[in-house]
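Just below is one structure, and these are the notes that go with it.
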Amino acid sequence: MTNPLQTLSFDALVRQVRACTLCADVLPREPRPVVQLSETSRILVVGQAPGRRVHETGLPFNDPSGDRLRQWMGVTRDTFYDESRLAILPMGFCYPGTGKSGDLPPRPECAATWRDELLSRLTNIELTLVIGQYAHAWHIGKSRASLTENVRAWREYWPRLVPMPHPSPRNNLWLRRNPWFEQEVVPALQNRISEVLNKPFDQSPTPET
């Protein structure tokens, strides 16, 4: 059976995503899907779900987590929010609310309804940053004991995908316990991002290895 989403143009598909109200009855606030997408995007950032501040502004990673992420990536805000170069597609598109230990998990309806079709349209992606446990679970087929082990194995996915911890200030303890991430992974990531962003657009993507 044909998926009706496949008949939509890219722009029409993104409009439907941004107008989605599937989870209206279970979200703590009105639905406000926050995504950043273009068919020309070369880098894909996969987060978890918008936080409260992002929900209020409608701008992905417009918070301290985003400040740290941009520092890790070595990019300016202007570059980060240039959808022609960088796509942002979280596992959940709307703010899920807050629990006892932070934001609740992303709503599963987003990925089940939209993710495969959206990813199939992003044909120019050369590098995917996979951030946090829910993004790891979707994008990394090989299951390991923990997020830390996924990140430690980053070279296995290089240069097309980089598993990362969440840049939230709540992860400061993880970063102190795992200094190798900022010593080894971040410099390599910055070099790779610069390579991808500075490549002439008519140059063929790096083939997968």
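The values are calculated or read from the model by the stated rules, or taken from the named source; none is laboratory data. Here the structure is a predicted model, which means the values were calculated and not measured. For neighbour counting, all protein chains shown are included, and Cβ atoms are generated from backbone atoms with ideal geometry for every residue, glycine included. Ligands, DNA and RNA are excluded from the accessible area calculation, which covers all protein heavy atoms including side chains. Shrake-Rupley method; radii C 1.70, N 1.55, O 1.52, S 1.80 Å.
Brief remarks follow.
- Residue match in the stretch 44-58 (condition: acidic (Asp, Glu) and modelled with pLDDT of 95 or more): no
- Extreme residue, modelled with the highest pLDDT, among residues of the stretch 130-153 that are surrounded by fewer than 17 Cβ atoms within 10 Å (Cβ to Cβ) and among the hydroxyl-bearing types (Ser, Thr, Tyr): Thr148
- Every condition in (1) over 26 Å from Thr57 (Cα atoms); (2) in contact with a Pro (Cβ under 9 Å, 6 or more places away or on another chain); (3) open to solvent by 10 Å² or more (accessible area, probe 1.4 Å) is met by Leu127 except one, and the failing one is (3).
- The stretch 79-110, residues that are among the aliphatic types (A, V, I, L, M) and farther than 25 Å from Ile43 by Cβ: Leu104
- Meeting the requirement of 2 or more residues that are over 23 Å from Leu197 (Cα atoms), the helices (runs of 4 or more DSSP H) wholly within the stretch 44-142 are 52-57, 116-121, 133-139.
- Close pairs from the stretch 53-73: first under 20 Å from Phe181 (Cα atoms), partner in a loop (DSSP other than H, G, I, E, B) and open to solvent by 10 Å² or more (accessible area, probe 1.4 Å), Cβ under 6 Å, at least 6 apart: Ser65/Ser168; Leu69/Phe61
- Of all residues in the stretch 38-49, those satisfying the criterion of being open to solvent by 10 Å² or more (accessible area, probe 1.4 Å) and not small (Gly, Ala, Ser) are Glu39, Thr40, Arg42, Gln48.
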